[in-house]
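Report on one structure; see the data block that follows.
The values are calculated or read from the model by the stated rules, or taken from the named source; none is laboratory data. Just so it is clear, the structure is predicted and the values come from calculations on it, not from any experiment. Heads up, the Cβs are rebuilt from the backbone with ideal geometry, glycines too, and the neighbour counts pull from every protein chain shown.
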Amino acid sequence: MNVHAPLAEAKLDPATTAFAADVTEALSQQPKKLSPKYFYDEAGSQLFEQITKLPEYYPTRTELGILRARGKDICSIIPKDAALVEFGAGATTKVRLLLEQCSFGAYVPVDISGDFLADQAAELRKDFPTLDVLPVNADFTTTFDLPTDVKAMPKVGFFPGSTLGNFDPHEACAFLRSARQILGKGALMLIGIDLEKDERVLQAAYNDAAGVTGEFNKNVLVRINRELGGDFDLGAFVHRAIYNKERHRIEMHLIAKKPQTVHLLGRSFNFRAGESIHTESSYKYSMERFGALARGSGWEPKSSWTDAEEQFSVHALVA
Ligand code: AVI
């Protein structure tokens, strides 16, 4: 008897159905490649928060440093009482820096997780009582409507954290084009981009000594086991992050330690010893290559700021 059949036949909710379809397709491909968006359930988001505080993981603290040190310059190019539209809504530390330093008429966080958005909005309303906080529950990589109240306001998009780096180049271009369409002609976009640097710094950031990144990477297998009735043996896979120089990206992989067969949703997937599931790419840009990507996606670079060591950059683009 196949013990996985009941879940395969059960009626799944739409999000789990999409997850199931993506996972079965990913595991049927050669090489096996899964979208990094599946890292972020509650446990994955908490692990990512831990990563941002690791000594080796420079991007978060470096971007915060730029937003703090260059806040005046950044605010000087933002029209007064503009609507700040954040694509994705994680920790509020970065947006708070902007809200504290510049004068915005409204804040529109856009995220697929409705519960998380509501909690975040409630906290911000307490701390910024005169600010209109208007959350939009949507997948920020697709088109969505801005709230009617902000339609007449100047718009400023905000996409920090080098999340764009987790998109393959064609996806990054599609996202930038869609954001331009949503924000409209004349809008500004503030975007955080991680820069190319000494490979050793990158290797350390994605292979931290405490092993948190490995746990974050394996969390996708935990999710598959729990949500799709999979039987991945977590001890039979190892986390590996490598720098792919030609493609300017860190790649995260889960490598099978031995030949094995994994079952889920009534199907079997074979792994050779050493076979990988490519779980994430994190692209690193030069200032020039990012400028070219922005232009090719319909945006004009206006200003940019980096830290003293040029590890990370924040760009202002105009639509
Ligand atoms: C969210 N994103 C920009 C992170 C990155 O650096 O690519 C995700 C991450 N993966 C491993 N560590 C952090």
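Looking only at residues of the range 24-65 that are among the hydrophobic types (A, V, I, L, M, F, W, C) and either within 15 Å of the ligand (Cβ to nearest atom) or surrounded by fewer than 17 Cβ atoms within 10 Å (Cβ to Cβ) (or both), we find that the one that is farthest from ASN219 (Cα to Cα) is LEU64. Screening ALA69 on (1) aliphatic (A, V, I, L, M); (2) over 27 Å from GLN311 (Cβ atoms); (3) at pLDDT 95 or above; (4) surrounded by fewer than 16 Cβ atoms within 10 Å (Cβ to Cβ) shows it passes everything except condition (2).
The single condition among (1) among the charged types (D, E, K, R); (2) surrounded by fewer than 17 Cβ atoms within 10 Å (Cβ to Cβ); (3) part of a loop (DSSP other than H, G, I, E, B); (4) within 14 Å of the ligand (Cβ to nearest atom) that ASP231 does not satisfy is (4). In the range 66-82, the residue that is farthest from the ligand (Cβ to nearest atom) out of those that are small (Gly, Ala, Ser) and assigned to a helix (DSSP H, G or I) is SER76. Listed by first and then second residue, the pairs linking a residue in the range 188-213 that is within 18 Å of GLN311 (Cβ to Cβ) and at pLDDT 95 or above to a residue that is basic (Lys, Arg) and surrounded by 17 or more Cβ atoms within 10 Å (Cβ to Cβ), with Cβ atoms under 9 Å apart and 6 or more places separating them unless they lie on different chains, are GLY192/LYS94; ILE193/LYS284; ASP194/LYS284; LEU195/LYS284; GLU196/LYS284; LYS197/LYS284; LEU202/LYS284. Filter the range 99-119 down to the residues that are aromatic (Phe, Trp, Tyr) and assigned to a strand (DSSP E or B), then identify the one that is farthest from ARG68 (Cα to Cα). It comes out as TYR107. For the range 246-266, the criterion of a residue being in contact with a Pro (Cβ under 6 Å, 6 or more places away or on another chain), within 30 Å of ILE182 (Cβ to Cβ), assigned to a strand (DSSP E or B) and within 16 Å of the ligand (Cβ to nearest atom) is satisfied by no position.
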